[in-house]
Every structure is written in C-alpha cells, then in structure tokens.
Amino acid sequence: MPETILETKGLTRRFGGLTAVDAVDMVMRPGELVGLIGPNGAGKSTFFNCLTGFYPPSEGEVRFLDKPITGLKPFQVAKMGIGRTFQNLRIMPNMTVFDNVSIGAIGSLGHSLRRALWPFNCLTDNEISQRTWDILARVGLDSLSSELAANLSYGKRKYLEIARALATDPKLLILDEPAAGLNEQETEQLADFIQKLNREGLPILLVEHDMGLVMGICQRVMVLALGKKIADDTPEAVQQHPLVLEAYLGGEECQY
Amino acid sequence: MTDNKLVSHSVRANLLVLGLLALVLGVVPGVLSFLGKSYYMQVANSALIYCVVAASMNLITGTAGLMCLGHAAFFGIGAYTAALLNTHFGLPFLLTLPLGGVAAGLAGVLVALPTMRLISIYFAVATLGVGEIVHVTLLNWVSLTRGPMGMQIYEPITIFGHQFTGLLSIYYVIAVLACVSIYLLWRMNHSYFGNALRSVREDDQCAEAMGISVVKLKIQAFAASTFFTGLAGAVLAHSAGYISPDSFQFSESILILTMVVVGGLGSLPGSILGALLLILLPEVARGLGDMRNVAVGVVMFLSILLLPKGIFGEVSAIEVARKLFNSAWDGRNAVGWK
C-alpha cells in the first residue's frame, strides 16, 4: 500500500503576472476524506485543474500513489486512477443515464475500434456493462438507466456525475463543489453518501466553496487564500485559525 | 426479462435484417429489371453508394459531432485512386477497391492529425479548405487526372475473372458492398466505441477527464469514416465508368451533409433514409420540370423545420438498436451493448 495517495510539492501555477496557486504543499493519506476550502478566487479550481492535468503546473510536482503525474494529460491522469466531477455539472445530456456512466468504465477499461467491429460478446465489453450496472445500483440510478440524462432533475444529475467518476474505478475521487445548488436536505443526503463512499475505503478530496458540508464530514481541512495554503488541520482547529477567519471575514489589514 | 421476450426480440431482429436484405437484394433489383429501364437501375446504384457515404459521414459528423464540410474530397480521393490505379497500372477491382478506401483513409488521418484540436465551426472551415484543395487539384492537375474532362474507366468490374457488365450484376456488387459497409458502420455506432464517440461530441473535456483519449478516438473515427467514403468512391468509379471533378466539389459535400442532417444527426438508419430521400426525390419530382429542384429544396426546408431531430433521430435509432439487437437491455444483469 502506498504511503501517500496524493502529494504536491511547491505546486505553482501562474497566468501571466497572476500567481493563482502559489507553492502549495499537500499530502493525502490512504482512506482520508480531506476538504479544500477557500473564498472566491482563492485558487481552488486552478489547484484542482493542476492535479487533474487540465493545466500543467508552472512549477512544482504532483505525485499520485508515489508516482509523479506532473504534466500528464487529463486522460492519462484519469487512467491512473483519479476520478473527478465538475463544478458546473457536465453531464452528457443527449445520452442515456446508462451511457453516461458507461463513459467512465470505457475510459478506464479502454475503447477500441477492433472490439467494436468484433460481432460477438467480448470480456471487456461485458466488464464495462457489469461495472456500469453495479455503479448505477450503488448510487440508486438503476431504475432510470434508459432515461436521457437531460430529463433528470438537478439533484439526480449530481449523482449521475459522481456515478460516472466512480465508474472509472478511481483510487482517489475529487469532487468539485458537489453541494452547489442543492438545498439543505439534499446536501445532507449527499454528505451521507460521500461519507459512505469514504468508509468503503475510497480517499476523497472535497473542494468546496461553502464551509457547512466540509466542516461536517471531513477529517482534515485545507484552506487556500490568494493562492497560498494558510491552514491545514482538523475542522475545529481550522475554524479557530486567525488567518482563516481573516480570509473569510476580512481582517484589519490584508497582508498576503 | 423473461426468456420468451428475449426470444421474440431476437426473432424480430432477425426478421428485420432478413427483410431488409430481401428488399435490397431481391425486391428492388427484381422490380427494376422487370421495369427494364436502365436509367432506374443507375439511380438505384447511385442511391446505394450515397447511403454508404452518408452513413460513413454520420460517424464523424453525427456521432462524434465533428462537422465536416469537405467530405466529398475523400469520396473523390477514393474514386480517383481506383480510376488511376486501374487505367495506369491495370490493377483489378479487387485491389483498387480497398486501395481507394485506404488512400481516402490515409488522407483522412493526414487531415485529422493537425485539425483534431479544432472544434465546431473551426473544424468545419478547416475541412472546407481541404475539400477545396482536393477539388481544385483534381480539376487542374490535367496531366494526371485529365482535369475537367474527367476520367474514363474502360475495364468492367472483374472479380476472379468474372466480368460484371450488365447493370443488374453491377447493382449486386454495389449492394453487397453497401450492406457490408453499413453493417460495419452500424457496429461502430452501436457499441461502446460509439458511446465513446458520442461522449466526445457531448463534452470532449469531460470525456478526457474520464480517461478517454479524445484525439486518438477522433483520429480513429475520422480514418474509419473516410475509409468507407473512399470505398464508396472506388465503387462509383468502377460502376459508373466515368468520373469528373464536378462530382466531388463543395456542393457535393453539402449534399452529403444535408442527407445526414435531414435523416437525423447521429442516427445511422436516419442517414440512410436521408440519402435515399435526397437521391430519389429529384427523380420522383422529375414530372415537375423546372420546378423540380425548388420542390426538393422545399422538402428539405420543411423537414428541418418540422423534424429538427431528423426523420429518424438518434435517440430512437439507439433505442431500436438496443431493443432489437441487444435483447437483454432491460435485464438487471444485462449488457449495454452486445
């Protein structure tokens, strides 16, 4: 078993003169449920995109399961075992629920032209189907499998996106603002679901704008502000941290 | 799902396939040779060829969402490759046919490599440029292609020493090729490979984040699509016996695109219906005289207004494909695609 799931060393990303992520170090250990919070514009999404290969980092290193993944393309990162969801829901509206989820399984098990032309059942295709059905049952979407994704309610689409990420058979799941747009009751259900996934042994990094969900379920919370990591501790300790209070509520002077 | 229902589904699927094959290989040639008008037979031949072209273009434009405005170029590359290899090197039909496809497929890959990072309108304009390049080359490289005079292929289609000279026998060659090509395109559309292509159309970044190598996938799809278009071009050259750059110009690309859109983007049966409609309608409307092309235009216009998803839309096409050919779809432990 690797000692760390995810590790960044001095991760930096600049856009022109703006340093969106500034030398961030972090470590995630197996089985952890870590929250990443920060006010608007703190660099959460950029950090996220550097982890998943969407932006190559300007400096620094990302290691996943003790292997360097810095500069890999998104599909390579996904194949290595990082599953992700998107901040603003990105489902495939003109495909059925089953087909949406199958994309995750196809991504990790591979697609091939040769297999498409082979007119008989083949093991990989069966595995894709089987895994898709299993995940659909796990998130409770199996009864809607042949519905078009566009016809789902907003809450169901959230689960569809998580299901698709789970179908990649991730070793680490990164959720980008999963609670955005959900009401209190739905957020609570989602929190239970995330905790359940984590208890089954899946490490989860939860990127959230809003404190509520993160403080409730995470074992550890990292806070970003203006691109820098300003705190990394238990939820209780983070809530008392002076720099965090300053970043969220505004201090007398801002010095970073 | 009960076994009974499973059986009845696969029976219906087999009946449908047999019925279609009987129609294409039995009823249509039977009726046409009974009518005895060679012109009708030629229309049927070109309708079948365009079915393949539209179905192959549907793979990239409908299923993978890459709007291609230069598809006629690959049609032309296939046709001219076959014609040149046959007239200059005397290669037989059995070689010129796959080589026509391969040449178009290679050209497709060459076009795809630099353009695969382009999306939507940018990709469309890039392929438009490629279409123009090929057309102008065919038109002006007189020493090779005889330019606007076109090329004549004197040798009839010959397979293992048997010459296919009669219109009916040529029809059968085309029909068999069309059935095989469309079956293979069907497999590509209705499989997890097809799902991956659709995901690229719906949201390429998201597909990439799920582990799908979008560029590789697009190149594969483009190569497959242009291969079948080239194959159709080679068949056209041999069956018509004459080709000219006119048949591969921009308006032809638009005609193919219209077939796919009118039939239903992403739907393989739709693109076949679209091809049949746009090839047969002008013939049916022949009685209208000068108003013929106006009538065709009106039908196209109305079909897009009234049926924006096409005559046979993608969603229903996939549903039919699943219900009939993947009978276990409803079952709990079923497979998504056979």
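Worth a mention:
- 2 or more residues away from chain B (no Cβ under 12 Å): qualifying helices (runs of 4 or more DSSP H) within the stretch A:85-198: A:123-139, A:154-166
- A:LYS73 closer than 24 Å to B:PHE222 by Cβ, of a type in the set (D, E, K, R), facing chain B (nearest Cβ under 8 Å) and in contact with an Asp or Glu (Cβ under 9 Å, 6 or more places away or on another chain): yes
- Within the stretch B:221-264, being within 14 Å of chain A (Cβ to nearest Cβ), surrounded by 24 or more Cβ atoms within 10 Å (Cβ to Cβ) and more than 12 Å from the chain's Cα centre (by Cα) holds for B:ALA221, B:PHE222, B:GLY264.
One line per residue, one yes/no per condition, for (1) under 22 Å from B:LEU48 (Cβ atoms); (2) at pLDDT 85 or above; (3) away from chain A (no Cβ under 14 Å):
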position: B:TRP141; (1), (2), (3): no, yes, yes
position: B:PRO156; (1), (2), (3): yes, no, yes
position: B:GLN163; (1), (2), (3): yes, no, yes
position: B:SER181; (1), (2), (3): yes, yes, no
position: B:ARG198; (1), (2), (3): no, yes, no
position: B:ILE212; (1), (2), (3): no, yes, no
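- Test for A:LEU172: is it out of contact with any helix residue (DSSP H, G or I) (no Cβ under 6 Å at 6 or more places or on another chain), under 19 Å from A:SER45 (Cβ atoms) and buried (at least 21 other Cβ atoms within 10 Å of the Cβ): yes
- Selection of the stretch A:29-64 for residues being of a type in the set (Asp, Glu) and buried (at least 18 other Cβ atoms within 10 Å of the Cβ) yields only A:GLU32.
- Note on the stretch A:210-237: residues that are touching a strand residue (DSSP E or B) at 6+ places or on another chain (Cβ under 6 Å) and on the phi > 0 side of the Ramachandran plot total 1.
- Just one residue in the set A:THR19, A:THR70 is touching a residue at least 60 places away in the same chain (Cβ under 8 Å) and touching a Gly at 6+ places or on another chain (Cβ under 9 Å); that residue is A:THR19.
The values are calculated or read from the model by the stated rules, or taken from the named source; none is laboratory data. Note that the structure is predicted; figures quoted are calculated from it, not measured. No Cβ is skipped: glycine too gets one built from the backbone with ideal geometry, and neighbour counts run over all protein chains shown.
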